[in-house]
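The values are calculated or read from the model by the stated rules, or taken from the named source; none is laboratory data. Keep in mind it's a predicted model, so treat the numbers as computed, not measured. We place every Cβ from the backbone using ideal geometry, glycine too, and count neighbours over all the protein chains shown.
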Amino acid sequence: MAHSLGCLIVRAALLTKTLKPYRKNLHSFLSLCGPHLGIAITDSALLSSAIWIYKKWNNSVALTQLQMLDAPRVEESLLMRLARSPGMDLFKNVLLFSSEHDKYAPLYSALLLNPTTPTASSPSSSSSSSSSSSSSTTSTSGATASETMRKHLLDALCKASTTLVRTDVEFVLPRSIEHVIGRAAHVNILSDETFVRILTCCFIQYMR
């Protein structure tokens, strides 16, 4: 079981020589809000701005990798290389959980769904038109890359006859800044008692 970036760390760790001898013992992989297709596409302008500011301030390598900007060509990015390597298909069962309200790991990315480019907001003034155009271009290329990764991952799961279960979890969350930016659902999947009970009762057959 892994959450958020931990899901990608698990997939990367399985490629190491240290864990290779244990691959035959893998059974079920529970992915909670894991950004398997990155975060190149987002419909939250607030979150996009926050990511840009954080990257400038903190020089975050992880965010650069999640946006597939860590290599000269997207085909050479970490996420693309992970998608083309053994990983989730090494398990007998793969259970993907996410929430539509999670903007940190978008639903399409966490559940391996067909990515769609969000409709660009109309610019409020002429000075914002170039920024909107640039964002639209980035989203389009991000959608193409995400769809390529999705096909690689699903093809591998199909060939391995891995059971894939995808679940969109609906949380009742109070309105707050964390809810608006999509963080509340991202962390609530770890602490919501009702979800934990459902997980242990309804999905126990995949743990045996």
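Some notes on this structure:
- Exactly one residue out of 170, 178 is in contact (Cβ under 8 Å) with a residue 24 or more places away in the chain and acidic (Asp, Glu), and it is 170.
- Test: residue in the stretch 38-58 that is at pLDDT 95 or above and either crowded, with 18+ Cβ neighbours inside 10 Å or part of a loop (DSSP other than H, G, I, E, B) (or both): no
- The one condition in (1) modelled with pLDDT under 95; (2) over 14 Å from residue 31 (Cβ atoms) that residue 79 fails to fulfil: (1)
- So residue 6, is it part of a loop (DSSP other than H, G, I, E, B) and modelled with pLDDT of 90 or more: no
- Just so you know, in the stretch 16-26 the residues that are touching a helix residue (DSSP H, G or I) at 6+ places or on another chain (Cβ under 8 Å) and not in a helix (DSSP H, G or I) include one that is nearest to residue 109 (Cα to Cα), and it is 26.
- Some residue of the stretch 123-143 being modelled with pLDDT of 80 or more and out of contact with any Gly (no Cβ under 6 Å at 6 or more places or on another chain): yes
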